[in-house]
Amino acid sequence: MYPDTPVPYKLQVADAGEITTAGASPASIVIGEVNSNPICPHVLIGSDEIMAKSNATTAGTLKFQEESGVVEIRSTATDAGTSNVLKAYGGIEANNVNATGKIQEGGNDLLPQGSIIMWSGAVVPNGWTLCDGVNHGSLIVPDLRDKFIVGSGNGYDNGDTGGEDVNNHNHTINFNPFLTSATEGNHGHSGTTGGPSGTMTRCWCIDGHVGDGSHTHGFSVSGQGDHQHTISVPVATTLAPSDNENRPPYFALAFIMKL
């Protein structure tokens, strides 16, 4: 297919000239050195493809606009919405990709409309909106400012809201109307004693002096040390905000939604 000796000619096309291949069979246009040498880079232009070759059997690298510039494919507005503009069945390596439309994976949008992520920047990027409750056309935007997120499922339906900024609550006291004292406080008892009871020894006299012998007296007091006090506790309900901190350590980020 390839001659061993390169043809020493140049091809120049000026104005509106046209290059065609002769013959009924499909043919190719070869640009560059073509021979059996291990290194003979060239470009092969066929009826439906352009190939860069390092030699007759090895593929090379095809470069478009190697210097600064722009390569356009279907650059007119009427072709912008058509599909299958550029297909790549291998990998694509690019420093930057700026897509006017959507980037898809497996035929689906890589980041579909309505996706919500956390954002640490001060300015919302283009193509996104802050989740502040302001709808964009038919896109309903939730207000997630100062909110925690809970996963919907058995206990929550998608879009449910709830909770309170300030937690008001009551405390109810259940008590026994009688409080029993285990020890005596300062108090007094009034009443009468019963008759004395006890034993006495005889009185003896010496030279007109009266002396008493050792003796004891016993008295019985009718009274009890155990007692009760009735205390009146008014029942009151207090409704007040609770300012006790019950959150774990936190860091605030903004929620933004894909448009």
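Answer yes if at least one residue in region 59-70 is under 30 Å from residue 259 (Cα atoms), at pLDDT 70 or above and in a loop (DSSP other than H, G, I, E, B), and no otherwise.
So in region 59-70, the residues under 30 Å from residue 259 (Cα atoms) come out as 70.
Now restrict to residues that are at pLDDT 70 or above: 70.
Pick out the ones that are also in a loop (DSSP other than H, G, I, E, B) and you get 70.
Yes: region 59-70 contains one or more residues that are under 30 Å from residue 259 (Cα atoms), at pLDDT 70 or above and in a loop (DSSP other than H, G, I, E, B).
Tell me the residue from 167, 186, 176, 154 that is more than 20 Å from residue 255 (Cβ to Cβ), out of contact with any Lys or Arg (no Cβ under 8 Å at 6 or more places or on another chain) and at pLDDT 70 or above, please.
Working: 167 fails: at pLDDT 70 or above; 186 fails: at pLDDT 70 or above; 176 fails: at pLDDT 70 or above.
When all the criteria are applied, what remains is 154.
Restricted to region 122-162, and to residues that are of a type in the set (Val, Ile, Thr) and closer than 19 Å to residue 259 by Cβ, which residue is surrounded by the fewest Cβ atoms within 10 Å (Cβ to Cβ)?
Our first condition is that a residue be of a type in the set (Val, Ile, Thr); within region 122-162, this holds for 123-124, 129, 134, 140-141, 149-150, 161.
Remaining after also requiring closer than 19 Å to residue 259 by Cβ: 123-124, 129, 134, 140-141.
Details: 123: 6, 124: 15, 129: 16, 134: 9, 140: 11, 141: 19.
So, considering only residues that are of a type in the set (Val, Ile, Thr) and closer than 19 Å to residue 259 by Cβ, the one surrounded by the fewest Cβ atoms within 10 Å (Cβ to Cβ) is 123.
Quick one: which residue in 41, 8 is at pLDDT below 65 and not assigned by TED's automatic domain parsing to the domain that holds residue 127? Steps first, please.
Details: 41 fails: at pLDDT below 65.
The match here is 8.
The values are calculated or read from the model by the stated rules, or taken from the named source; none is laboratory data. These numbers were taken from a predicted model, which means no experiment stands behind them. Cβ: placed from backbone, ideal geometry, glycine included. Neighbour counts: every protein chain shown.
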